[in-house]
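Please read the structure below before turning to the comments.
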Amino acid sequence: MRENSVNVWSPLQRKLGFGIGHGSGQFGHFREVTWRPFMKLSARSYGLYALFLLLLVGAFVCTRMLDYPTIFAGSASSAEKLSTSKSQIYPQKTQTIPLNCNALNHTGTCPGDYPTTPENYTENRPSPATCPDYFRWIHEDLRPWAHTGITREAIERAKRTANFRLVIVNGKAYVETFQKSFQTRDVFTLWGILQLLRRYPGELPDLEMMFDCVDWPVIISRDYSGPDSPVPPPLFRYCGNDDSLDLVFPDWSFWGWIETNIKPWEALSKDLKEGNKRMNWIEREPYAYWKGNPVVAETRQDLLKCNVSENQDWNARLYAQDWGREVQEGYKKSNLASQCIHRYKIYIEGSAWSVSEKYILACDSVTLMVTPHYYDFFTRGLMPMQHYWPVKEDDKCKSIKFSVNWGNNHKKKAIAIGKAASDFIQEELKMDYVYDYMFHLLNQYSKLLKFKPTIPRKATELCSETMACQAEGLQKKFMMDSLVTSPAETSPCTLPPPYDPSSLNAVLRRKENSIRKVELWEKNYWDYHSKQ
């Protein structure tokens, strides 16, 4: 940091005339009108007048010093000392965390000046808001270890399918890789965790975790349900289901999915919001739209049977996505922000949960959700008939036909469902909350560890520089676009308490009742039409 002690008081000197030529400027005039009367005063009057002058000058100086950020602007060192004082009056400017590629090139290791303690930036942060309600599922996901805690032995048993082990010690990240993931899922998952460390330096406790980047969960509940069963191994992944105990974590695409040219979520969510403004709901095509890869799941191939044909129109417009052709043609037909032109959009799972869910929900269209079997970290906060319309998996075509007809005949209600979903995505799934979900999940998880995390012998230190500085092409672009450049200006949102049994049952019961109501309406609709 540059020292400039000579100029510390130069703004004040200019104000009072110090260092300015004799009799010149404001101070010259001040001296002339204040000292001239002394030539005619007695010794006693002289003393009283001197005291008065001393008080006047002192008051003037003190008044100017109240504006100390301006006065000390010439000295970075002095201003820094003031801004980090425990008794500071004004909130300090947010600290910047540069991407120091020069240090990496020089030493071959992560920079040594990474902030790893929070005291320089957490003081005077605004009080946090309460987290969205879906954060309460963090407590439910960790409940299997609430009484036993998590041992190192339990973690080692999760290694069987894990792609990597991540360890955080003293605010720094270390990774031990077991097997490469499909595409760049592991790369951008690790990148996201590194951005979390930059967002909340020194606020994450020491921890050790295993991460599996494959879609479907593998920690099956029934294998750990008996009285003599072992403690389940804690394993992080992107989705779970009612029959598994895997810990759900935000997926890699929040920081970009280079293989499909999908931007980091912060930029893409803004594009989707702007895309919604191009065409209001009434002006959109009055059909259900889906575009995706049908090869990954039988249920998607079954969905294609509902496409419009010469013999039948199920109110569906369905398209198979050829990603190979998209890559060759520069992704001209896969811009998500330009696909919000239908009143209804279909969400259907692939081999497990699908990344596409948040993009579909963000479209202002009514999301027709084919009965899902999996959930990610936020979807348990969605409510049927409020955020989406349930579609039966075993009778898709007739269910879609009824859903579209219902919406077209109840336009105000349909518009409200589409708007509630996009509002949820824009407000409760913004990147601030994605990071805060990661923060709280890892904090609560670390409290269950019954051992002190240490750096594994085969692990290497990981930082933003080791990942981004040597990256190329779209990978580098997405990393730079999603780089956290300074600590958060607010504390993490306040984690809501766990569900008590009655409130959790009430939530689950409300979902079941809403789905049954729609199924009853649908049955009555088709019963009526079968009699015509």
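Shape index of region 450-532: Rg/Rh, with Rg the Cα radius of gyration and Rh the Kirkwood radius from the inverse mean 1/r over Cα pairs, equals 1.31. For region 197-320, the calculated P(r) over all alpha carbon pairs, in 5 Å bins from 0 to the bin holding the longest distance, is 2, 8, 10, 11, 15, 16, 13, 10, 8, 5, 3, 1, 0 percent. Distances between placed amide hydrogens fall under 5 Å for residue 391 paired with 369, 370, 371, all partners being 5 or more residues away or on another chain.
Listed by chain and number, the aspartates and glutamates whose C-alpha is less than 15 Å from the C-alpha of residue 398, apart from same-chain residues fewer than 8 away, are 302, 313, 519, 522, 527.
Residues whose amide H lies under 5 Å from that of residue 262, counting only those 5 or more places away or on a different chain, are 257; hydrogens are built 1.01 Å from N in the peptide plane. Listed by chain and number, the lysines whose C-alpha is less than 23 Å from the C-alpha of residue 159, apart from same-chain residues fewer than 8 away, are 172, 180, 447, 450, 452, 458. Under the simplified labelling scheme, the residue 523-residue 221 pair shows an inter-label distance of 2.5 nm, with each label point 7 Å from Cα along Cα→Cβ. What nm value, rounded to one decimal, do you get for the distance between residue 243 and residue 513 when each label is placed 7 Å out toward the C-beta? Label at residue 243, label at residue 513, 2.9 nm between them. For the residue pairs 270/419; 345/523; 305/396, the C-alpha atoms sit more than 19 angstrom apart in 345/523.
Near the amide H of residue 351, within less than 5 Å, lie no amide hydrogens of residues on another chain or at least 5 residues away, with H placed in the peptide plane. Under 17 Å of direct C-alpha separation, and excluding same-chain neighbours fewer than eight residues apart, residue 430 reaches these aspartates and glutamates: 133, 251, 266, 271, 274, 357, 364, 376, 481, 489.
No value in this document is a laboratory result; all are computed from the given coordinates. Remember, predicted model here, so these are calculated numbers, not experimental data. As a convention, Cβ positions derive from the backbone with ideal geometry for all residues, glycine included, and neighbour counts pool all protein chains shown.
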